[in-house]
Ligand code: C2E
Ligand code: MG
Ligand code: MG
Ligand code: MG
């Protein structure tokens, strides 16, 4: 009886796996087609000065509009794009499109705006990355010093082979920011070895910064650390006025989050620029 039971469990398990990998392959094919058929678009989330409320820049966030499945969030397809390598062509498109858009905005009364773009480590491992970045900057006439590449802490800290690439990027004048800072790594020593400009405090510490002692102290420690070693610091996931109060008391003056605005499509971002 036990044996039979085990077998049928195994069968179910197996079917489940087959189902999973079929689903994966379908999604991967859809992703490939999506790239060819221009099903992706970008939204932009405002980054603001918490003290003056001035609009400082925006983070580009990719969206996938599948003809049947509707809008699929990056949390669902970015991991698959990374595993399959499709993040390389997709990421190149994201970089070109966001630089093109930001150049347009800069030439229309907003020259000071800076652009943040999320980059997967998989892209940094592509030997052509720096060449592509350089030609995108030339092609779009985007000022490299106004571009910031965001790289997630958890992956970056574990891959030292990216250090030379980061130095190449810095030589172009482009800035580097560590995304989701505080969640990814147990040792801080890697900060010394990586050419970093900005620490982006993860939203998990901001969410309850006003009610939770630990979150507050962690956020404070990150702000202090950044300042003491000459890095900029920005908070993400600001949803409440209380969050702004706590952060500005602790000396963090840059942030983004739903309190100011959710990520916006191009038209909505242009409205935001005018009315904000
Ligand atoms: P991330 O770079 O840390 O982006 C922040 C995420 O938090 C975004 O989710 C944003 O919409 C969301 N967010 C912003 N403000 C708030 C807030 O006040 N409260 C809450 N609860 N959430 C807020 P999104 O757009 O779903 O992106 C999720 C992640 O997917 C990003 O995290 C990033 O790691 C990745 N991703 C998004 N776009 C790209 C891209 O173009 N390239 C790559 N490689 N990864 C991307
Ligand atoms: Mg980011
Ligand atoms: Mg983040
Ligand atoms: Mg993230």
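The values are calculated or read from the model by the stated rules, or taken from the named source; none is laboratory data. Remember, predicted model here, so these are calculated numbers, not experimental data. We place every Cβ from the backbone using ideal geometry, glycine too, and count neighbours over all the protein chains shown.
A quick yes/no check of all residues on (1) surrounded by fewer than 19 Cβ atoms within 10 Å (Cβ to Cβ); (2) modelled with pLDDT of 95 or more; (3) within 16 Å of ligand 3 (Cβ to nearest atom):
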residue	(1), (2), (3)
118	no, yes, yes
138	yes, yes, no
145	yes, yes, no
159	yes, no, no
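When only residues in segment 161-188 that are buried (at least 17 other Cβ atoms within 10 Å of the Cβ) and on the phi > 0 side of the Ramachandran plot count, which is farthest from ligand 1 (Cβ to nearest atom)? Here the answer is 182. Applying the criterion of being within 20 Å of the chain's Cα centre (by Cα) and not in a helix (DSSP H, G or I) to the residues of segment 65-113, the residue that is nearest to ligand 1 (Cβ to nearest atom) is 73. Could you check, for segment 236-249, whether at least one of its residues is under 17 Å from residue 61 (Cα atoms), more than 16 Å from ligand 2 (Cβ to nearest atom) and touching a residue at least 60 places away in the same chain (Cβ under 8 Å)? No, every residue in segment 236-249 fails to be under 17 Å from residue 61 (Cα atoms), more than 16 Å from ligand 2 (Cβ to nearest atom) and touching a residue at least 60 places away in the same chain (Cβ under 8 Å). Taken over segment 202-256, the residue count meeting the criterion of being modelled with pLDDT of 95 or more, assigned to a loop (DSSP other than H, G, I, E, B) and at negative phi is 13. Among the residues here, residue 38 does not qualify as surrounded by 15 or more Cβ atoms within 10 Å (Cβ to Cβ) and closer than 24 Å to residue 123 by Cα.
Which helices (runs of 4 or more DSSP H) sit wholly inside segment 114-195 and have at least 2 residues that are touching a helix residue (DSSP H, G or I) at 6+ places or on another chain (Cβ under 6 Å) and over 23 Å from residue 206 (Cβ atoms)?
Hits in segment 114-195: 121-124, 129-140, 163-171.
Scanning segment 207-229 turns up no residue that is closer than 30 Å to residue 141 by Cα and either within 16 Å of ligand 1 (Cβ to nearest atom) or surrounded by fewer than 19 Cβ atoms within 10 Å (Cβ to Cβ) (or both). Of the residues making up segment 257-276, those that are assigned to a helix (DSSP H, G or I) and in contact with a helix residue (DSSP H, G or I) (Cβ under 9 Å, 6 or more places away or on another chain) are 266, 269, 270, 273. Scanning segment 73-94 for residues that are touching a strand residue (DSSP E or B) at 6+ places or on another chain (Cβ under 6 Å) and buried (at least 18 other Cβ atoms within 10 Å of the Cβ) yields a total of 2.
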